[in-house]
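Enquirer: Below is one structure. I have some questions about it.
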Amino acid sequence: MRLPNVQLLRKFPVKLVVIGAAGVALAGGAFAAYSFTKTHGASVASAEPVIRPARVAEISYRTQGQTLLLAGTVVPRIESTLGFRVAGKIIQRSVDLGAVVKPGDIIASLDPADYQLAVDNARAALASAEADYVRAKADHERYLNLRGSMAFVPQTLDQRQSLASTALARVDQARSQLSSAENNLAYTVLRADAAGVVTAVQAEVGQVMAQGQGVVRLARLDELEIVVGVPEHRLKVVRENPTATFELWSDPGRHHAAKLRELSPSADPVTRTYAARFSVLEPPEFIGLGMTATLGFERPDRTPVAEVPLSAIFQRGTQPAVWVVDRNTGTVELRPVTIARWRDDTAAILSGVKEGELIATAGVHKLETGQKVKPLLPQQQAAR
């Protein structure tokens, strides 16, 4: 009886192995399917859209002031070239470049020898003229005493009177020549006529100077100005706003008053800007010639705009737009807007959205029309 069973097994060994393997595989697949359904079935059945929070800002229209900034340089209002009023050879120069002088300080001196001789000659001429006048006057007075005698001749009296008048005129002439010679002698010393600083030296000791030739340039410090180059499209702003404020680069954060004094009628041929000079009304404690200053002009913008971050602008082609968030449903809508002006980190919306509406300010490129979000205002962001 055992022999047939053994033979039967020997005849169908492969089939039994295959059937057994298939049974194991089916059982394992069923267990895996049961496990997957048990573990993930609830997640698949409960999958719903997640409403994510979104940073938003409330639209608020208001009028803003626009600021025009121009870079300028501190310069003196009066900068003159000082020179001798007479010719001569320089024997002394008392100042150097950058020297601060007061009224009456000596700048330079010429050799006074020739001018001293001229003064001596004028004094001698005056003494001679005065002596002639004294004699002519005495002759005239003595002849007047002869009036009524036989020796008195009217024609002779007229001659004596004429000689006395001529002598007096020569005295006046000699006195004027003496004054002129003394002035020329005084002109051999060049003095500062106002307080200031020497900005240039144009002559040295030993140099023979012509009359009026420049020796030094003196910049007065009593009146300072800021000169700026105004672009053509900003001329109207400068004309309409003659008052301005300036800030020195060496002293940032402090503003001082300035007022337009002069505006060039023609543009510079190189820079194509119009030179404008602004008087410094309140000079700071430390201000030097040549310092750089920033001049600011404030002008109100009568058109109300809404200032929003640049991150809120979504560019659709050539038309800027923003995502408007519904307060009740949280649904977003893409709406085109008109931009009044662009700044470094903000944009001024002129129209397209209404007062009080909410717009998304972050992640605008990941939003889609009809998507729901949870608005998160700035105060809520700070609380988080």
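The values are calculated or read from the model by the stated rules, or taken from the named source; none is laboratory data. Keep in mind that what you see is a predicted model, and the values were worked out from it rather than measured. With ideal geometry, Cβ positions are generated from the backbone for all residues, glycine too; neighbour counts draw on all protein chains shown. These area figures cover heavy atoms from the full protein model, side chains too; ligands, DNA and RNA do not enter into them. Shrake-Rupley method; radii C 1.70, N 1.55, O 1.52, S 1.80 Å.
Enquirer: In terms of modelled amide H atoms, which long-range or inter-chain residues lie less than 5 Å from the amide H of residue 322?
Expert: 314, 335, 337
Enquirer: What percent does the relative contact order of region 258-379 come to when contacts are Cα pairs within less than 8 Å and at least six residues apart?
Expert: The value is 21 percent.
Enquirer: Using Stokes-Einstein with the Kirkwood hydrodynamic radius over Cα pairs, what translational diffusion coefficient do you get for region 215-346 at 10 °C and a viscosity of 1.306 mPa s, in µm²/s rounded to a whole number?
Expert: 84 µm²/s
Enquirer: Give the cross-link partners of residue 236 among the aspartates and glutamates, using a straight C-alpha distance below 16 Å as the criterion and excluding same-chain residues fewer than 8 apart.
Expert: By straight Cα distance, residue 236 reaches 262, 298, 301.
Enquirer: Something else now. Quick one: net charge around residue 194, please, counting Lys, Arg +1 and Asp, Glu -1 for every other residue with C-beta under 12 Å from its C-beta.
Expert: In short, -1.
Enquirer: Per the 1.4 Å probe, what fraction of the accessible area of region 62-166, in percent, lies on carbon and sulfur atoms?
Expert: Percent of accessible area from carbon and sulfur atoms in region 62-166: 53.
Enquirer: Probe of 1.4 angstrom, ligands and nucleic acids ignored: what's the accessible area per residue over region 154-195, in square angstrom? Don't skip to the answer; put the middle values down first.
Expert: On the way: 2560 Å² over 42 residues.
Solvent-accessible surface per residue comes out at 61 Å².
Enquirer: Moving on. Hey, can you find the accessible area per residue of region 220-352 for me, probe 1.4 Å, expressed in square angstrom? Let's see the in-between values first.
Expert: Details: 7750 Å² over 133 residues.
Per-residue value: 58 Å².
Enquirer: Taking the Cβ of residue 87 as the centre, find all other residues whose Cβ is under 12 Å away and add up their charges (Lys, Arg: +1; Asp, Glu: -1).
Expert: 0
Enquirer: At q = 0.16 Å⁻¹, what log₁₀ I(q)/I(0) does a Debye calculation on the Cα points of region 47-203 give, no solvent, two decimals?
Expert: Summing over Cα pairs of region 47-203 leads to -0.98.
Enquirer: Compute the signed sum of charges (Lys and Arg +1, Asp and Glu -1) over the other residues within less than 12 Å, Cβ to Cβ, of residue 329.
Expert: Counting the neighbours of residue 329, the net charge comes to +1.
Enquirer: May I ask you to list the GluC sites (Glu not before Pro) in region 192-225 that are in a DSSP loop and have at most 12 other Cβ atoms within 10 Å of their Cβ? List each step's numbers first, then the result.
Expert: On the way: sites: 204, 223, 225; in loops: 204, 223.
Within region 192-225, the qualifying GluC sites (Glu not before Pro) (loop, at most 12 other Cβ atoms within 10 Å) are 204, 223.
Enquirer: Mind pulling the per residue volume of the convex hull built on the Cα atoms of region 333-376? Å³ is fine.
Expert: 100 Å³
Enquirer: So which trypsin sites (Lys or Arg not before Pro) in region 206-291 are both in a DSSP loop and have at most 15 other Cβ atoms within 10 Å of their Cβ?
Expert: Passing both the DSSP loop test and the Cβ count: 254, 272.
Enquirer: With labels modelled as points extended 7 Å from the Cα through the Cβ direction, what inter-label distance (nm, one decimal) is found for residue 262 paired with residue 205?
Expert: If labels sit at residue 262 and residue 205, their model points lie 3.7 nm apart.
Enquirer: Do any chymotrypsin sites (Phe, Trp or Tyr not before Pro) in region 223-308 lie in a loop, going by DSSP, with at most 13 other beta-carbon atoms within 10 Å of their beta carbon, and if so which?
Expert: 249, 286
Enquirer: I've got another one for you. Counting only protein heavy atoms and a 1.4 Å probe, tell me what percentage of region 261-300's accessible area is made up of carbon and sulfur.
Expert: Using a 1.4 Å probe with all protein chains present, region 261-300 comes out at 52 percent carbon and sulfur.
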